[in-house]
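Here's the structure we're looking at; comments come further down.
What follows is calculated from the coordinates using simple rules that are stated; it is not laboratory data. Computed from a prediction, not measured in an experiment: that's the story for all the values here. Cβ atoms come from the backbone with ideal geometry, glycine included; neighbour counts cover every protein chain shown.
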């Protein structure tokens, strides 16, 4: 018998294709334009896109004399808009191997660093909502940056929702692996094409190439 009664999944890079960095960078530039900055430094754009902290966000806003809340609201709004457009245009898709988990007799959840509203969109757009009993993205607030993985906060909430005795977390980044271990979970690192060269300093419990292998891990 499998030791896991529940499985939690990241979304981007695991269930659906991740957003292209340049698309997110253009959304960040649109956010800067929205608050009156037409030519932001590329490093500031890159940092807004990739793992910005609250302190770094404040530093960027000080540089341009911007209200922190105004810039972040614009960033989140533009980023969400660009993601919805990509999905609707077909330039981001659901991975075909998601079908591998549909017949498993486990309770499933999603924990993502993406917006909660974007996870809701993905579940509706790709008809995945019946598969997942609980799901968490982050609210579009500055405070939510403190709760992103590798913080295990939302993993722990999802585990409580599922009343899981033993669960597995499936992700595609080192922060996913760290968050899983901090929550007391075994981890699966999915090495898809966009992670082919990734080097992890924290080893996952398992490493796979597809969700078919995840299904084999947890199947009775």
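Worth pointing out:
- Axis angle, to the nearest 10 degrees, between helix 54-64 and the longest C-alpha principal axis of the chain: 20 degrees.
- Subtracting the Cα-Cα distance of residue 201 and residue 141 from 0.36 nm times their residue separation leaves 18.6 nm of extension gain.
- Inter-site label distance for residue 219 and residue 191 at 7 Å from Cα along Cβ, in nm: 2.2 nm
- Region 21-89 pair-distance distribution - Cα-Cα, 5 Å bins, rounded %: 4, 19, 32, 27, 12, 5, 2, 0
- Here Rg/Rh (Cα atoms, Kirkwood Rh) was computed from the coordinates, and among (i) 1.22; (ii) 1.09; (iii) 0.98 the match is (iii).
- Among 169, 136, 206, a tally of other beta-carbon atoms within 10 Å of each Cβ gives an order, fewest to most, of 206, 136, 169.
- Distance from region 1-25 to region 102-144 (C-alpha centre basis), Å: 10 Å
- Bridge orientation summary for the chain: considering DSSP beta bridges with both residues in this region, about 5 percent are antiparallel.
- Alpha carbon centroid spacing (whole Å) that separates region 145-166 from region 34-65: 29 Å
- Computed over the chain with a Gaussian network model linking Cα atoms closer than 10 Å, the most mobile of 199, 134, 118 is 199.
- Value of relative contact order over region 60-182, rounded to a whole percent, pairs C-alpha under 8 Å and six or more apart: 22 percent
- Bins of 5 Å, starting at 0 and running to the largest distance - Cα pair percent for region 1-120: 2, 10, 19, 20, 15, 11, 9, 7, 5, 3, 1, 0
- Contact order, relative form, for the chain: 27 percent (alpha carbon pairs under 8 Å, 6 or more residues apart, mean separation divided by residue count).
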